[in-house]
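Notes to accompany the following structure.
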Amino acid sequence: ALYGIIDQFPLTFIIGGAIIGMCIGIGLAYWKPAAPADKATAIMWIGLLGELFIRALKCIVLPLVFVSIAVSVMDMVS
């Protein structure tokens, strides 16, 4: 059921996700916990998710670029 809604309104979900991300970032900037280690731990875990996302993108994009260049060179040779 949720996938059907996401398929109907993809832009709404993208903008909603961006707004949620900005709210989390602003909230972490103004958060003053009793123990500063709590904030560092929270930022570390959220940063880990971001780092994994960037690494996944690199795993997808770099092979696509390499294959695209290789195919282009092969087309020019033949």
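The values are calculated or read from the model by the stated rules, or taken from the named source; none is laboratory data. What you see is a predicted model, and the numbers here were worked out from it, not measured in a lab. Positions of Cβ are backbone-derived with ideal geometry, glycine not excepted, and every protein chain shown enters the neighbour counts. We work out accessible area using only protein heavy atoms, side chains counted, and drop any ligands, DNA or RNA first. Shrake-Rupley method; radii C 1.70, N 1.55, O 1.52, S 1.80 Å.
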Index of the failed condition, I24 passing every other in (1) under 16 Å from the mean Cα position of the chain (by Cα); (2) open to solvent by 100 Å² or more (accessible area, probe 1.4 Å): (2)
Across (1) out of contact with any helix residue (DSSP H, G or I) (no Cβ under 6 Å at 6 or more places or on another chain); (2) surrounded by 10 or more Cβ atoms within 10 Å (Cβ to Cβ); (3) of a type in the set (F, W, Y), F13 clears everything bar (1)
A42 meets each of (1) open to solvent by less than 80 Å² (accessible area, probe 1.4 Å); (2) under 16 Å from the mean Cα position of the chain (by Cα) with one exception, condition (2)
Within region 29-38, restricting to residues that are assigned to a helix (DSSP H, G or I) and modelled with pLDDT of 90 or more, the one that is surrounded by the fewest Cβ atoms within 10 Å (Cβ to Cβ) is Y30
Being open to solvent by less than 100 Å² (accessible area, probe 1.4 Å) and of a type in the set (K, R), is that true of even one residue in region 45-68? no
Pairs please, first residue from region 38-55 and within 14 Å of L28 (Cβ to Cβ), second anywhere and in a helix (DSSP H, G or I), Cβ atoms under 8 Å, 6+ apart in sequence or on different chains. K39/L28; A42/L28; I43/L28; I46/I24; I46/L28
